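Undergrad: The structure follows.
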Amino acid sequence: MTDPLYWSIPLGRWSTTRIRVHIITLIFAVGRSAQAAISPGKPVAATLGWLALLALVVCLHEAARAFVSFRLGREPDDVQFWPLGNLIRPTSDSHSRENAMSAYAAIMTSGATAILSAIALSFLGARFVWNPFGNHAGGGAPLLVTGKQAADFTAAWWVGWFGFLNWVVFLLNLIPASPFDMGRVLRARLADPFGDNPRNSLIIPWIARGCAAVMILTALVRMAYDQTDQGFLLIALAILIELAVRHDASSLDEVDDDDFLGYDFSEGYSSLEGGSAKVRPYHESVIKRWRRRRSELRRARRSAREAAEEERLDEILAKLHVGGKAALTDEETRFLLRVSARLRGRSAKRDGFQ
């Protein structure tokens, strides 16, 4: 609970995957329900209906990612559900080809489902809502050939809302910035192929900030001319992108390069000559102290996780020695492949610097 960007509520494990619901999801659901309760006509039931469809859409999106990860022999990521997919922090293999392919699969599944829903609507005598901001009423309910909106909870209403939500998830995950899927693809494409946490160039954060700026401008235009609340959602997403960029940067910059070992190198290396080294007085600020403590907690969690993985690796290797490969379960085989790939990456990194 030290990182507010990733606060979530645990729901246990499904197979080997830990399932959580991010706090953003609860805030969004409660906010939309409260908005419906005070709106004219009080469409609370319809709001709860499309919120349930949104949960199904996100589950389908993540199921596609998990399926491709499984087929590639990669252990699926933990899941933290938020309204647009899986809000996960960058992992040790975020730069891998397999991670990019699983992100592609999730994006294309949402897009293909939206297109199939549009085709199904044509047989029901309704038109799909391609505008990601919704129809004139601000929702994803389809319009009938008569021009009227489909009645709540009819077949056209369910299919239309389901396709519309898939369409929105598809379009937003095309944004090349964290925490969206195309941001993970961009990270995999531009990352250094060696190491567990490669330092990317400045391209990734500035692309993300550029996308956030465009979203804010679009939100301001919509709020000025359309008088709708979608602008506030775009601004919230832009803020989330900026928080994700800052989180990724702080994860990479755990060491302050300006004050290396406390020595003052402003006069070159001559400060190390003579009888004693010239040491700059150091006063740790509140923010630096908070970052240092957070880094220490992160390193402690990483060390505990690696120790647990090494212990489990020893158990699996002992089981493999006694009973052969046939004695291992599918999950143990995937675990062995994942750990082996990471160890090979570390070995390749060391060889590259020798």
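Bear in mind that the values in this text are calculations on the coordinates, not laboratory data. Computed from a predicted model, the values in this text were never measured in an experiment.
Undergrad: In sequence order, what are the phi-derived ³J(HN,Hα) couplings for region 30-44 according to the Karplus relation 6.51 cos²θ - 1.76 cosθ + 1.60 with θ = phi - 60°, rounded to whole Hz, with x for glycine and proline?
TA: Listing the rounded values in order: 5, x, 5, 5, 5, 4, 5, 5, 9, 7, x, x, 6, x, 5 Hz.
Undergrad: Okay, next question. Under a no-solvent Debye model with one identical scatterer per Cα of region 4-204, what's log10 I(q)/I(0) at q = 0.08, 0.11 Å⁻¹?
TA: With no solvent term, the Cα-only Debye profile gives -0.31, -0.56.
Undergrad: Kindly write out, for region 99-113 in residue order, the coupling ³J(HN,Hα) from the Karplus curve 6.51 cos²θ - 1.76 cosθ + 1.60 (θ = phi - 60°), rounded to whole Hz, with x marking Gly and Pro.
TA: 5, 5, 5, 5, 5, 4, 4, 5, 5, 5, 5, 5, x, 5, 5
Undergrad: Which whole-Hz ³J(HN,Hα) couplings does region 290-303 yield from phi under the Karplus relation 6.51 cos²θ - 1.76 cosθ + 1.60, θ = phi - 60°, glycine and proline marked x?
TA: Karplus-based 3J(HN,Hα) across region 290-303 equals 5, 5, 5, 5, 5, 5, 5, 5, 5, 5, 5, 5, 5, 5 Hz.
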